[in-house]
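Okay, structure first, notes after.
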Amino acid sequence: MPAIETDDLTKYYGDVRGVEDLSFSVREGEVFGFLGPNGAGKTTAIRTLMGFQSPTEGTATVLGADIRDAEALRAARARVGFLPSEPGLDESVTGRRLIRYHGALRGDVRSEELLEVFDPPLDRKVREYSRGNKQMLAIVIAFMHDPDLVFMDEPTSGLDPLKQEELLEFIRAEQRRGKTFFFSSHILSEVRKVCDRVGIIRDGHLVELEDVESLLDRSGKLVRVRVGADVDTEDLAIDGAHDVAVSGDGASESDDAGGPAGDGQDATTVSFTYTGAYEPLLRHLLEFDLLDLTIEEAPLEDIFMRFYGEDPAERVGRVENGEVGAASESGDPGDEDQRTERADV
Amino acid sequence: MFETARFESERRLPAAAVISVALSAFAAMVLLIAPGIIDEIDVDELLAGYPPALVEAMGLEHLGTIEGFLALELYQFVWILGLGAYVAYSGASTIAGDVADGRMDTLLAAPVSRRRLLLEKYLALLTPVVVVNVVVFAVVAAGTAVIGEPVALADLAAVHALSLPYFMVCGAAGMVASVAAPRQLIAEGVAAGAVVGTFLLQSLTIGTSAEWVGDLAPMRYYDPLTVLTASEYDLAGAGILLAATGALLLVAVRVFEERDVR
């Protein structure tokens, strides 16, 4: 049984579209990234799935409970955690009292352990808390009953970089314990760190649904190469290279100004996006007088922009027809932890 | 069980203390000036200049007794109007305030039903009502003894006990406003306004052909003046108030269950 399954889930606020015809499923034990810019409908989807508001059309199940069945969903929420981007907490009491109250409502099996990692000042009134402390308190409340499924709406907002990293690490550890996450975000770097699959939402529609790895594979690598000769773009072109651009000090004939690696000789810097295996690329590049080589993952921002840049209706059609979204096997080994491989020759 | 009622009750204790002190001070002041007015002012002479209809409607002829004086100066206005409006206003703030500040999301994320949340928040609303009743009862009982103008304790207790159904209906009306109004400020204004509005309505229609309009006002079913001066307890009125409370809460739960929380 999928942890979450939506079936043409649609929510309108009067005439204003929140989300429309969302159909996807989140498997048990995965971290599902829900990506989109502000106003795309991420929060609307989460609020509808949590039962805060009823769908206009379509429906969904959360841990098997139909979201239109208030009683079934209430029971299911015993196994669900919720972490909003702007935590709504009672500010007139201390953090400790609030934890006791919410623990009584949903059960408290691990707040002490959580408080070792996320440590807001418990004896102060919540109104005196900084944004980050409030968020940490909300994290403790969201996880204290050890839920199986956790909805997170832009969860790192308000946390300092160290705590952000701790939260992401915590999510990975919790996933290993079998938890499922629905992780909404507009920050790509954090999504690639924790998510297994991503759904990209734009203007209320799902425009992409894919493995993070395939998304990255499909988007290719950004290759920047500096060679000690005057080369043409055609010379460097191999299969799988796109958007080849020649720049830098060697783009024109003689140039003595020289870069750090120029040493007075002719040099050319070429950059391109490359999809394919490393071997043919490296063999090809070694035919040149290689001064410097950088291969890095294409920024997810670029991929993101691509989905935002195109007509969403067209995209929706293709997602729904299964033309995109079928997760392809990764053909690239070894790029899991090495975003940047550098070879100085 | 009742975690929410407990939590919310605790939160209301400071307000309960402040209101208790304020109303006790007011009651003490009324008691301090009472003997002088009762002894030195000829009420009949004073009221001769007033329209008889007004005197009868407001029960002003009772001003010359400590019971009547207390009822008219403390219970008929400050108690019914002031505390009643406060309770309605507090009720209106509950759900609407939680929704406005996003606290409702954190609550509804827990495996708790909306019905339960609403009813427990309503119960917590009665905490200050009970505290203020107990404190003010004690102050008035002690104060009347101190100034040498004792009143029947049973009547005094009845005035406070019978005010509970009245405040319960005010609070329940506030809960309806809280779930039905689009915004917190509107909910609060409508709830407090309803108490003041019905109070005026029933006062102004007394003795007119439109007196039945006043039947809609909760004050019609709770009359401190009659309790204190005639020892007549309107139990049927209390029953009507309790029934109305139940009906209003039913409506509030229903509306809350059906609406979107945004």
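For this structure, a couple of remarks:
- Of the trypsin sites (Lys or Arg not before Pro) in segment A:3-80, the ones in a loop by DSSP (not H, G, I, E or B) with at most 16 other beta carbons within 10 Å are A:Arg27, A:Arg68.
- Loop-located GluC sites (Glu not before Pro) in segment B:66-125 (DSSP state not H, G, I, E or B) with no more than 14 neighbouring Cβ atoms inside 10 Å do not occur.
- Scattering profile of segment B:214-262 at q = 0.13, 0.19, 0.25, 0.26 Å⁻¹ [log10 I(q)/I(0), Debye over alpha-carbon scatterers]: -0.45, -0.69, -0.90, -0.94
- Approximate spin-label separation B:Ile186-B:Leu235, in nm, with each point projected 7 Å along Cα-to-Cβ: 4.3
- Interatomic Cα distance distribution for the protein assembly as shown, bins of 20 angstrom, percent: 17, 35, 25, 15, 7, 2, 0
- Take every pair of alpha-carbon atoms less than 8 Å apart whose residues are at least six positions apart; their mean separation over the length of chain B yields a relative contact order of 28 percent.
- 5 Å-binned pair-distance histogram of segment B:19-123 (Cα, whole percent): 2, 10, 15, 14, 11, 10, 8, 7, 7, 7, 5, 3, 1, 0
- Shape box of segment A:134-181 [Cα atoms, principal axes, largest first, Å]: 27, 18, 16
- Computed about its Cα centre, the charge dipole of segment A:108-191 is approximately 180 debye, with only Lys, Arg, Asp and Glu carrying charge at their Cβ.
- For segment B:169-222, the normalised intensity computed at q = 0.18, 0.32 Å⁻¹ comes to -0.60, -1.14 (log10 of I(q)/I(0), Debye sum over alpha carbons, equal scatterers, no solvent).
- Positive-pole candidate from A:Met152, A:Gln164, A:Phe82, dipole of segment A:78-227, charges at beta carbon: A:Gln164
- In the protein assembly as shown, the DSSP beta bridges split such that about 70 percent are antiparallel, to the nearest 5.
- Residue-averaged [θ]222 nm for chain B, counting only DSSP H segments that reach four residues, each worth -39500 (n - 2.57): -25000 deg cm²/dmol
- Spatial separation of Cα centroids for segment A:87-124 and segment B:139-181, in angstrom: 37
- A simple spin-label model places the labels of A:Ser25 and B:Asp101 4.2 nm from each other, with each point 7 Å out along Cα-to-Cβ.
- Stokes-Einstein D (µm²/s) once Rh is taken as the Kirkwood radius of segment B:51-178 over alpha-carbon pairs, at 25 °C in 0.890 mPa s: 147
- Taken about its Cα centre, segment A:4-217 carries a charge dipole of roughly 820 debye when the Cβ of each Lys and Arg holds +1 and the Cβ of each Asp and Glu holds -1.
- An ellipsoid equivalent to segment A:4-217, defined through the eigenvalues of its Cα gyration tensor, has semi-axes of 27, 20, 16 Å when rounded to whole angstrom and sorted largest first.
- Given +1 at the Cβ of Lys and Arg, -1 at the Cβ of Asp and Glu and no other charges, the dipole of chain B around its Cα centre is 1540 debye to the nearest 20.
- Coordinate range of the alpha-carbon atoms in chain B per principal axis, descending: 65, 43, 29 Å.
We did not get these values from a lab; they are worked out from the coordinates using the rules stated. The structure presented is a predicted model; accordingly, all values stated were derived computationally and were not measured. Every residue, glycine among them, receives a Cβ derived from its backbone with ideal geometry; neighbour counts consider all protein chains shown.
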